[in-house]
Amino acid sequence: MTTTSREYAVALFELATDENVLEETSNGLETVISAMRQTPEYRQLLASAAIGKAERLKALDDAFDGKVPRVLMGVLRMMVARGHVGAVDQMARDYEELRREYRGESMARVLSAVPLKESEAVAIRAELEKRFGHGISIQCEVDPSLIGGVRVEVEGRVIDGSIRNKLEQIKDVMNG
């Protein structure tokens with residue numbers, strides 16, 4: 001975590017908590033990050049020192065005002081005005097970490113050979129919550145090298161139910 005992104009995340013978290021808009025702010029951050037990833041030239045416009053601050057703030061307002069919580073708009077406006085747009089992605093990750101800690105949740109990274117169906121992701125999260133005894137947020141990623149099955153990383157532990165792992169275990173037994 002950079003100090004800059006962390007400071008913005010803490011400020012946003014405190015404002016969102018005070019206004020009781022933690023989830024809405026989280027969803028708003030997803031919207032903003034997605035838009036910036038889909039349109040890199042928009043991010044460049046917001047970050048460009050060659051473009052006047054008023055014009056950059058207008059571009060931000062035109063894109064997101066009324067579509068994301070007011071507290072998020074305030075922090076984003078501050079980041080644009082101060083030339084810190086480059087810290088938005090890390091700020092969003094820092095905010096999500098603060099939100100999960102506040103809610104007593106953990107983050108699980110779920111790797112699968114093919115994209116998981118929504119029902120599979122829900123079932124995995126439910127099983128992890130049962131196993132760990134508290135809320136779990138999951139981040140699903142595809143890793144074709146797993147061949148099949150899933151590999152879960154949560155709270156420093158690895159639960160490896162991948163076919164690749166099972167084949168390696170068989171190989172170890174045969175070579176053992």
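The values are calculated or read from the model by the stated rules, or taken from the named source; none is laboratory data. Since this is a predicted model, take the numbers as computed values, not measurements. In this analysis, Cβ positions are derived from the backbone assuming ideal geometry, glycine residues included, and neighbour counts consider all displayed protein chains.
Looking only at the stretch 130-151, filter to residues that are of a type in the set (Val, Ile, Thr) and over 9 Å from Ser112 (Cα atoms); which one of those is farthest from the chain's Cα centre (by Cα)?
Ile136
Of everything in the stretch 143-167, what is outside any helix (DSSP H, G or I) and exposed (fewer than 12 other Cβ atoms within 10 Å of the Cβ)? Give them in sequence order.
Listed by number, the residues that qualify are Glu155, Gly156, Arg157, Val158.
Pairs please, first residue from the stretch 154-172 and under 29 Å from Gly135 (Cα atoms), second anywhere and of a type in the set (Val, Ile, Thr) and not in a loop (DSSP other than H, G, I, E, B), Cβ atoms under 6 Å, 6+ apart in sequence or on different chains.
Taking only residues 6 or more apart or on different chains, the pairs are Ile159/Val152; Gly161/Val150.
In the stretch 35-50, which residue that is touching a residue at least 24 places away in the same chain (Cβ under 8 Å) and surrounded by 12 or more Cβ atoms within 10 Å (Cβ to Cβ) is nearest to Glu23 (Cα to Cα)?
Top of the filtered list is Ala35.
Among the numbered criteria (1) crowded, with 16+ Cβ neighbours inside 10 Å; (2) farther than 18 Å from Glu96 by Cα; (3) basic (Lys, Arg), which one does Arg6 miss?
So Arg6 meets the others, but not (2).
What residue, of Val21, Val32, Val10, is of a type outside the set (Asp, Glu), touching a residue at least 40 places away in the same chain (Cβ under 8 Å) and touching a Phe, Trp or Tyr at 6+ places or on another chain (Cβ under 8 Å)?
One residue alone meets the criteria, Val32.
Checking the conditions here, which among Ile170, Ile138, Ile124 is surrounded by 16 or more Cβ atoms within 10 Å (Cβ to Cβ) and in a helix (DSSP H, G or I)?
Of Ile170, Ile138, Ile124, the one residue that is surrounded by 16 or more Cβ atoms within 10 Å (Cβ to Cβ) and in a helix (DSSP H, G or I) is Ile124.
Within the bounds of the stretch 51-62, is there any residue that is under 27 Å from Glu101 (Cβ atoms), surrounded by fewer than 19 Cβ atoms within 10 Å (Cβ to Cβ), aliphatic (A, V, I, L, M) and at pLDDT 95 or above?
no
Among the residues that make up the stretch 83-101, is at least one of them under 23 Å from Ala35 (Cα atoms), basic (Lys, Arg) and in contact with a helix residue (DSSP H, G or I) (Cβ under 6 Å, 6 or more places away or on another chain)?
Within the stretch 83-101 (the criterion being under 23 Å from Ala35 (Cα atoms), basic (Lys, Arg) and in contact with a helix residue (DSSP H, G or I) (Cβ under 6 Å, 6 or more places away or on another chain)), the answer is yes, since at least one residue qualifies.
Would you call Ala92 touching a residue at least 24 places away in the same chain (Cβ under 8 Å), in contact with an Asp or Glu (Cβ under 9 Å, 6 or more places away or on another chain), outside the structural domain of Arg37 (by TED's automatic domain parsing) and at negative phi?
So Ala92 fails the test.
Scan the stretch 19-31 residue by residue and report those that are touching a Lys or Arg at 6+ places or on another chain (Cβ under 9 Å) and closer than 13 Å to Lys67 by Cβ.
Thr25, Gly28, Thr31
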